[in-house]
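What follows is a short report on a single structure.
The values are calculated or read from the model by the stated rules, or taken from the named source; none is laboratory data. Keep in mind the model is a prediction, meaning the values are calculated, not measured. Note: ideal-geometry Cβ built from the backbone for every residue, glycine included; neighbour counts use all protein chains shown.
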């Protein structure tokens with residue numbers, strides 16, 4: 001492990017991977033509390049994979065190529081796509097400032113290195129944004145919504161205080177593309 005490398009993990013049970021016709025899934029990492037390199041769960045990252053576990057001793061031999069999930073090899077190169085998100089409003093955000101309001105903005109995660117975020121709406125727990133943000137993604141199949149990662153919208157309270165200049169985390173929305 002490098003001293004400047006964040007360390008996160010994902011934990012699941014084997015039962016969730018017993019399907020021989022496995023589908024790709026996106027999972028979120030969690031910061032490892034022992035290593036303490038990633039302090040905020042929002043910075044932990046995600047991974048997409050498919051996994052199938054088969055107990056040969058209990059169920060006999062299996063030919064995974066008999067299952068649709070394993071017939072086609074994954075493409076070596078992802079397809080770049082642009083998604084347009086229209087950020088309309090937030091409602092009933094928690095108050096993060098002493099005056100009982102927040103100065104919210106929405107940050108949207110995508111594959112680019114740039115931060116994509118809305119304008120800051122000062123002193124408002126029900127902000128209206130009316131803003132469009134273009135998101136850059138790479139997918140396995142443009143026509144297969146399951147190959148798209150979840151769309152993640154984080155809401156922060158902007159802080160421009162000399163004593164505490166870190167923005168406060170308020171809320172998160174995760175939209176699974178297959179639910180669209």
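What to note about this one:
- Test result for residue 169, touching a helix residue (DSSP H, G or I) at 6+ places or on another chain (Cβ under 8 Å) and either modelled with pLDDT of 90 or more or in a strand (DSSP E or B) (or both): yes
- Qualifying residue in the range 66-78 (condition: touching a strand residue (DSSP E or B) at 6+ places or on another chain (Cβ under 6 Å) and surrounded by 10 or more Cβ atoms within 10 Å (Cβ to Cβ)): yes
- Where a residue in the range 29-43 is in contact (Cβ under 8 Å) with a residue 60 or more places away in the chain and its partner, wherever it lies, is in a loop (DSSP other than H, G, I, E, B), with Cβ under 9 Å and at least six apart: 42/109
- Qualifying residues in the range 84-113 (those that are closer than 13 Å to residue 127 by Cβ and not in a loop (DSSP other than H, G, I, E, B)) - the one nearest to the chain's Cα centre (by Cα): 106
- Residue in the range 116-158 that is nearest to residue 28 (Cα to Cα), counting only those that are assigned to a strand (DSSP E or B) and in contact (Cβ under 8 Å) with a residue 60 or more places away in the chain: 151
- Of all positions in the range 38-46, none carries a residue that is over 24 Å from the mean Cα position of the chain (by Cα), at pLDDT below 85 and loosely packed, with under 14 Cβ neighbours inside 10 Å.
- Test set (1) exposed (fewer than 11 other Cβ atoms within 10 Å of the Cβ); (2) in the same structural domain as residue 16 (by TED's automatic domain parsing) - residue 92 fails condition number: (2)
Yes/no matrix, rows are residues, columns are (1) assigned by TED's automatic domain parsing to the domain that holds residue 161; (2) modelled with pLDDT of 80 or more; (3) more than 23 Å from residue 172 (Cα to Cα):
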| position | (1), (2), (3) |
| --- | --- |
| 29 | no, yes, no |
| 33 | no, yes, no |
| 66 | no, yes, yes |
| 85 | yes, yes, no |
| 88 | yes, yes, no |
| 98 | yes, yes, no |
| 105 | yes, yes, no |
